[in-house]
There are 4 protein chains.
Amino acid sequence: MIVVMRTGATEAQVLGVQKQIREMGFRDHRIHGEERNVVAVLGHVYPELADELATLDGVDTVVRISKPFKLASREVNPYDTVVKVGPVEIGGGNIVVMGGPCSVDTEENVLETARAVKAAGGHILRGGAFKPRTSPYAFRGHGEKGLHILAAAREETGLPIITEVMDPRDVGLVAKHADILQIGARNSQNFALLDEVGKAGKPVLLKRAISGTIEEWLLAAEYILSHGNRDVILCERGIRTYETATRFTFDINAIPLVKRLSHLPVIADPSHATGKWQLVTPVALGAIAAGADGLIIEVHPSPDHALSDGAQSLTPANFTKLIEAARPVAEAVGKTLAPAIGERESKIRKIAG
Amino acid sequence: MIVVMRTGATEAQVLGVQKQIREMGFRDHRIHGEERNVVAVLGHVYPELADELATLDGVDTVVRISKPFKLASREVNPYDTVVKVGPVEIGGGNIVVMGGPCSVDTEENVLETARAVKAAGGHILRGGAFKPRTSPYAFRGHGEKGLHILAAAREETGLPIITEVMDPRDVGLVAKHADILQIGARNSQNFALLDEVGKAGKPVLLKRAISGTIEEWLLAAEYILSHGNRDVILCERGIRTYETATRFTFDINAIPLVKRLSHLPVIADPSHATGKWQLVTPVALGAIAAGADGLIIEVHPSPDHALSDGAQSLTPANFTKLIEAARPVAEAVGKTLAPAIGERESKIRKIAG
Amino acid sequence: MIVVMRTGATEAQVLGVQKQIREMGFRDHRIHGEERNVVAVLGHVYPELADELATLDGVDTVVRISKPFKLASREVNPYDTVVKVGPVEIGGGNIVVMGGPCSVDTEENVLETARAVKAAGGHILRGGAFKPRTSPYAFRGHGEKGLHILAAAREETGLPIITEVMDPRDVGLVAKHADILQIGARNSQNFALLDEVGKAGKPVLLKRAISGTIEEWLLAAEYILSHGNRDVILCERGIRTYETATRFTFDINAIPLVKRLSHLPVIADPSHATGKWQLVTPVALGAIAAGADGLIIEVHPSPDHALSDGAQSLTPANFTKLIEAARPVAEAVGKTLAPAIGERESKIRKIAG
Amino acid sequence: MIVVMRTGATEAQVLGVQKQIREMGFRDHRIHGEERNVVAVLGHVYPELADELATLDGVDTVVRISKPFKLASREVNPYDTVVKVGPVEIGGGNIVVMGGPCSVDTEENVLETARAVKAAGGHILRGGAFKPRTSPYAFRGHGEKGLHILAAAREETGLPIITEVMDPRDVGLVAKHADILQIGARNSQNFALLDEVGKAGKPVLLKRAISGTIEEWLLAAEYILSHGNRDVILCERGIRTYETATRFTFDINAIPLVKRLSHLPVIADPSHATGKWQLVTPVALGAIAAGADGLIIEVHPSPDHALSDGAQSLTPANFTKLIEAARPVAEAVGKTLAPAIGERESKIRKIAG
C-alpha cells in the first residue's frame, strides 16, 4: 500500500503518517519524489487500511498494491480448475453447453426442451424454479415443484441440471435436487447466500453482478471457496452500460482477463447479455473464440416459430445450429466440444464392452 | 403497449400479430404509418408481454407505455407519505438527519457518537451490526451484540435507531431491536429479503441498487408495499458510473424525479455517494436544495482529528457544521429541519406543563 | 510513478526494470514488500511512461502518482480565478445566471427572450448560432446571421453573449461577436479547436465531455490555459450513465471536487443534464448549494404555455421563478446573486453622479 | 411517433395535442387505452418533434418509432457494402487486418514495422501522424512529415495506408497521402470534420465515440454518406464503462447488431478496447467469430521484447501469431482472410502472364 502525500505537505505531516503506520503494526518506507513524498506501507495490509490512512493530515490518496482475492487467484493456484458434474467436465479444454428454458413451466415443455437440448449435443439442462423478478406482480416460478420437474427431465435424458437459488433458506432444498447451484446476477453480492452455497457441497455457477467489477466477482467467488467448496464456475452475463440497443453489454474483455487472473472456468451467457435471440449465436461464438469454457443458453420449444417465452430464447432448431457453429470455432482455438451425453455413454459402454 | 412492425413487414405478418394479440385476450388497434405499421395492444398488459410479442414475425420492437409500479406511484397516491419513527416524522416538509458510525464497534464509541449526533441536532442514530463486505476476510460486524449496543444508545439518548439487515433469516431479530430496517444497495434486488421486511411491521429504508434504475428502485419498493407495509423511505446513495474520482456518482436528478413519480420520502446518503468526507457537506446541501427529505451521514468520534474509520466519515465537529449549514438551505427551499430530539421533548413538556 | 512487480517476479526482472528506469534518465527506488516488490520512479515523469514501463518483463501494473494538469490546478494556483465579462464577474462568491434559447431562430424571438432574461435578473444571454446536431438532417443553426442577431440583442439589453463554436475555422468569426466562446460537450476533446480558442483572446466556457472524466476535463482546460488564455469557465452538463429516466446524470459530486482540484469557476447546466424542464430548477438549486458559481439555462419565450422548442426549456415565467428561488439558496451558502445588469448600471450611475 | 398522455389527462388536453399535431402538418390518430390515451403522429416526422410535443399539457412521454439514419440503414440498402482500397476489399466475406504503430516515429521504425506487417500477412499499414492527446504536454505527432514517412512505407511494401485526421483544415492534406482517412473516437461527433471527410473522396474509417450509442455512430456515418461518400468503414474500439480492469469495454454485441442494422463493414480495434496486449489476440478472435470484417491492431517493432511504446502494442512476432490464429477462426465462421498483399500481386501477375 502506497500513501501519496499532497504537494506541499509539511515534514510534520509526513512524519505523522509514518508514525501512525508504525503504531498500527506495519513497517513504513519513505520516498522523496520530485513533486511529492510517498510512504510505502509494508506488512500484511488489508483493503480497509487504505480508507483509514486516507484521512490522515497531508495525505492526497492511498494506492492499493495487493490483490484482495487469494483462493480464486492464479498466482496462488496456477492450474486450471476442472469442475466435474456427473459425466461432464467444465474447464480444461472442453466446451460445455448448457441449455433450457428461462423458467420451468409444464413438465411436458421441460421434457421436450431437455430432449431437444440433448439431441442438439447440449450437456446440461438449465431452468428456473425460483425466479428473481423485478416486479412483485410477475410469475416467480414453481419453486419445489419446478425442481421435481427438472429432476424428472434429468432422469429421462441423463442431462445434469442447473438451477438458481435465491434465498439462503432454500439452499438445502435446491442442493438436494440440482447438480449445479446457480447464483444470479442480482445475488452476486448477497453474502449470506454465498456463505450458504459455500457449505452446500455442490458446484456453484456464479454470475457476475449487473455492474460488478472483475475484482468484486472474484471476491464473491472467494466467499464460496473460503468455505472449502472449490467447484466454482464463473459466468459472464453482460454488464450494465449506457448502451440501450442491447439489454446488457457482453464484456468479452473479461473472458481472457479472468482466465489470466484466476484458475476457475468461465462460461458465457449470451442470452441475457444481448436480450435478442438474433445476437445470441454470434456473441456465443465470439465468447468461445476469446477463451470461454462454455455457454449457457435459453432454449424454448416453440416448433412453429410462433410464441416463445422471450425475445432472447433460441428455438431448438436454432440451438442445434448454434452447437454446430460452435464446434469448428472451438477447434479453431484448440479446444473441443465436450462429447454429447449420449455419445459419451455409448463410448463408455463400448470401451467397457 | 405498442408493437412496431419492421419497414417492409408483410400484410400477413401484421395480421398475424393482430391475431396473436386477440388470442391472448387483449384488444388490438392498428395504425398505418408513413414508414411502418404499428399495432397498439389494449387491456391489462404486463411487462413480460413485450418480450413475448417481440418474437413474432415481422416485429421490430415493442414499446411499453404503462408504468409497472402501482402502490409506489404518485399517480395512484398523490399525497406525500410521512413515515413516523418514534418522535420523528420523515417526509412532509421536515428535513431529518440520521448519523452514526459505519459499523458498530465498542459500546463506548457508539454511545459517544450517539451523544454527539444528538448534541448536533441529529434525529436518528445509524450503525451497522451486520455488515456487507466485498471480501470474505473483512470484519462483518458484531451481529446481535451490535444490536444491543445500538439499543443501549437509544435508551440513553432517545434517538431512534436504524440498522441494516442482510439475511431474510435475521429480519425478525433485527426488527425486534431496530426502529428502521435498512436494505443496502447490494440487497436492493434481494427479493426474498424484500418480502421479509415487507412483513416485518417496521419502517424500511430502501437504498437504490449500485446500478439500479429508478424504475427498478420503485419496483423494489413495490415489493415491500405489496405486503401491506406502507412505511418505505427511499435512499439515493450514488450510482456506479465510469467516473472514478469519487466512489460513486450521486444522482441528484433522481431526487426531484422520484418525488414526482412517487409519494414516498427520499433521503440522501452523501457519505457513500462521494467516498470523500470533504465532499459530504456540499453534496448533502445540494440534495436538500433539490428536494431531499433528509440525510444519512457517517459520523465517527475521533476527537483529535487523528484516525477515523473511513475516508468518508465526518467528525462530530464537522457533522455539527453540516447540520448548521443544512438549516438555512432547508429554509431557502421552504422546509425546516425537524426539531432536535431534546428540543421536541422539552417543547412537549412545556406544552403539557 | 510506482512500478508494481508480479508476485513471484524474479530478481533479474526487478533489476531489469531498475536498469531501464535509470537508462531512461530517471532515478529508481526499490521497496521489498511482503508479497511483491515495487520500484518507485523519481524525476519528471510523464503519463505515457506508465504504458512504456508496463510492458517490461515481470511488471504487474504501473501506478501514476502525479496529477497531469498544472495550470488548472489549485496546487499551483490556490486563488479562485474570477473571469470578467463586461460588467459581469464569474467566480469569487457571485452566482451568475446565463439564459437564452437553445438555438437562435428569429430576431424577434431572441430579442424577446433577451428582454425576459434581463427582466428576470439573468446576467448573460446564451444562444446557439452554430448547432451540433446528432443527425445531418436536422437544422444546424443560422451561423453568422445568428451571431448578428445575438449582437443586436446585446446592443439593446446590455447582456453579454455566449455562443458555441464548433469548427476551428470559425473561431475568429465567433470571437469577433461573442463575449464568451462556448465549447460543447461533443468538442471537449477536439484538440484543434481547444488550441484555437486558447489563442482567441476571449473567455471560454468549457463543457465536460459526455463521458469525460474530471481529469480529462481539467486537461482540456489545460490546453486552453497553455496558450496563455486564463479566462476558462468550467461547465458541468451531466454525464452519460446507464440511467435513461433522465437525459444525462448531473454529476453533483464534480462541483465540490473540481473546486478543490482547480481554481477555475464552475457553472452548472441543468437543462441538458436533466432533459426535463420540471427537473431544471431543483437541480439548479442543488448545484448552487453544492458550490457552483452559476447556471446556464435554456429559456424560450412561449408566453401561452403552448409549444416550446424543447422539453428542457423554461418559459420566461419559470426562469424568473428559478432566479427568485436561487437567491435565498445562494445566500444560505454564503454567496450572493450577481447584481442584475440594469441594477448594476443604475448603481454605477448613482455612484458616478 | 407516439404521444403518451398522463393517466388522468383531461379530454381538453388530449384534444389540444391532437390539434397541435394537425396544425404542424401531421396526421393524428388517437387510441383509448385502459390506463391512458395515446396519440399517434403520422407523416414525415423528425427526431426533434418528440421534444416539441413533450412540452404540451397533459403529455407524459413521446416515443420515437422511426430510425433516424437512412443511407446507413440496411432497410434502405440490403446489400453489404464492400470498400475497395487499392488491392484490398473490406467487407463481403473477407477478413482484413490493419497493423502498425500507434504513432509514426522514425522512418526506420515505420519501415521495419511495415515490412513485419506485410510479412505476417497484414493488409493495410496504420500509423498516426496527427495524434489526439489528452494532455497538451504530450507528443502530438510529426504531422505532414509523418504522412511522408507512411507514404514511403507504402511505396516499398505496397500496403495501403490509413491515418487519422483531426482538424477539418487538414483533410485535404491527409487525403492527398492516405488511402483511408481515420476519424478517431474523440472526433466521432465532430460534425465539421465529418462534413469535410464526406467531401474528401477517400474511404473513411469511423470509430465509435468513447460513449457513443449505436444510433449516434450510424448517424455520424450518415453525415459522411450524405455528402455522397459511400466508402465508410465502421470501427468498434471499446466503450467507456464502470469497469477499470481494462482500458475500455469491447462491445462485442455491437458487431452483429450493427451488421443487422447497416450494410457497412465493421472492423474491430482490440488494442484500444483492452489496453493490454495480452488480451488483444483473444478479443480479436472473438470479434471475428462474432462477425467483424477485419481488425486494426497496434504493432511495434521491439525485437528484443524490451521496451515497446505501449502496453497495448503487439510485437511483430505476436502480430504474426494473431494472424495465424485468426485464419482458422475466420474459416470456422465461413469467411476467409483476405489474400496477403504479396500473394495477391503474384496471383495477379500469374493470371496476367
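The values are calculated or read from the model by the stated rules, or taken from the named source; none is laboratory data. Fair warning: this is a prediction, and the values are worked out from it, not measured in the lab. Because the Cβ atoms are built from the backbone with ideal geometry, glycine has one as well, and the counts that use them run over all protein chains shown. When the accessible area is computed, the model is the full protein with side chains, heavy atoms only, and any ligands, DNA or RNA have been set aside. Shrake-Rupley method; radii C 1.70, N 1.55, O 1.52, S 1.80 Å.
In chain C, the longest principal axis of the Cα atoms and the axis of helix C:107-120 are about 80 degrees apart. In the context of the full set of protein chains, residues of the range C:16-154 present 40 Å² of accessible surface per residue (probe radius 1.4 Å, heavy atoms only). For the range C:227-325, the list of trypsin sites (Lys or Arg not before Pro) that fall in a loop by DSSP and count at most 16 other C-beta atoms within 10 angstrom reads C:230.
Distance from the alpha carbon centroid of the range B:171-214 to that of the range D:153-173 works out to 59 angstrom.
Would you mind giving the three semi-axes, in whole Å and largest first, of the ellipsoid equivalent to the range B:225-303 according to its Cα gyration tensor? Don't skip to the answer; put the middle values down first.
Values: eigenvalues 110, 46, 29 Å².
Ellipsoid semi-axes (Å, largest first): 23, 15, 12.
For a Förster distance of 22 Å, can you work out the FRET efficiency between the beta-carbons of residue D:22 and residue D:57, rounded to the nearest 0.05?
With a Förster radius of 22 Å, E is 0.85.
So for the range A:1-148, if I pair up every lysine 8 or more residues apart or on another chain, how many of those pairs have alpha-carbons under 24 Å apart? Final tally of qualifying lysine pairs is 5. Over the protein assembly as shown, the Kirkwood radius and the radius of gyration, each from Cα atoms, give a ratio Rg/Rh of 0.94. Diagonalising the gyration tensor over the Cα atoms of the range C:1-92 and scaling each eigenvalue by 5 before taking the square root yields semi-axes of 40, 12, 10 Å, largest first. Remark on residue A:297: its backbone amide H falls under 5 Å from those of A:98, A:99, A:100, a criterion applied only to residues 5 or more positions apart or on other chains, H modelled at 1.01 Å from N. Once the gyration tensor of the Cα atoms in chain A is diagonalised, the equivalent ellipsoid follows with semi-axes of 45, 21, 20 Å, ordered largest first. Max-minus-min Cα coordinates of the range D:153-192 on each principal axis give 35, 19, 9 Å, with the largest extent listed first.
Between this copy and the others, label points of residue D:24 are 3.0, 5.7, 5.9 nm apart in ascending order, each placed 7 angstrom from Cα in the Cβ direction.
Once the Cα atoms of helix C:316-332 and of chain C are each reduced to a long axis, what angle between those two axes, in degrees from 0 to 90 to the nearest 10, is obtained? The angle comes out at about 50 degrees.
Under 18 Å from a label point set 7 Å out along the Cα-to-Cβ vector of residue B:64, the amide N atoms of the range A:80-103 belong to A:103.
Above 17 Å, the calculated P(r) of the range C:166-264 contains 49 percent of its Cα-Cα pairs. When nucleic acids and ligands are ignored and a 1.4 Å probe is applied, residue D:10 ends up with an accessible area of around 70 Å². Chain B residue nearest by beta-carbon to the axis mapping B to A, with distance in Å: B:211, 2.
Here the 3J(HN,Hα) profile of the range D:238-250, calculated from phi with Karplus coefficients 6.51, -1.76 and 1.60 at θ = phi - 60°, is x, 10, 7, 10, 6, 7, 9, 5, 10, 5, 9, 10, 5 Hz, Gly and Pro shown as x.
Summary: within chain B, the longest segment free of chymotrypsin sites (Phe, Trp or Tyr not before Pro) located in DSSP loops with at most 12 other C-beta atoms within 10 Å is B:140-353. Rounded to 0.05, the FRET efficiency of the residue B:11 and residue C:173 pair, given R0 = 56 Å and the Cβ-Cβ distance, is 0.55. Between chain C and chain B, roughly 2700 Å² of accessible surface gets buried, counting both sides and using a 1.4 Å probe. Each 10 Å bin from 0 upward holds the following percent of the Cα-Cα pairs of the range B:87-191: 15, 47, 31, 6, 0. Distance between the 7 Å Cα→Cβ label points at residue B:80 and residue C:324: 1.9 nm.
A crude spin-label estimate for the pair residue A:244 and residue B:30, with each label 7 Å from Cα along the Cβ direction, gives 2.9 nm.
Label positions at residue D:138 and residue D:227, each projected 7 Å from the Cα along the C-beta direction, are separated by 2.7 nm. Taking the C-alpha atoms only, the angle from helix C:214-225 to the longest principal axis of chain C is near 70 degrees.
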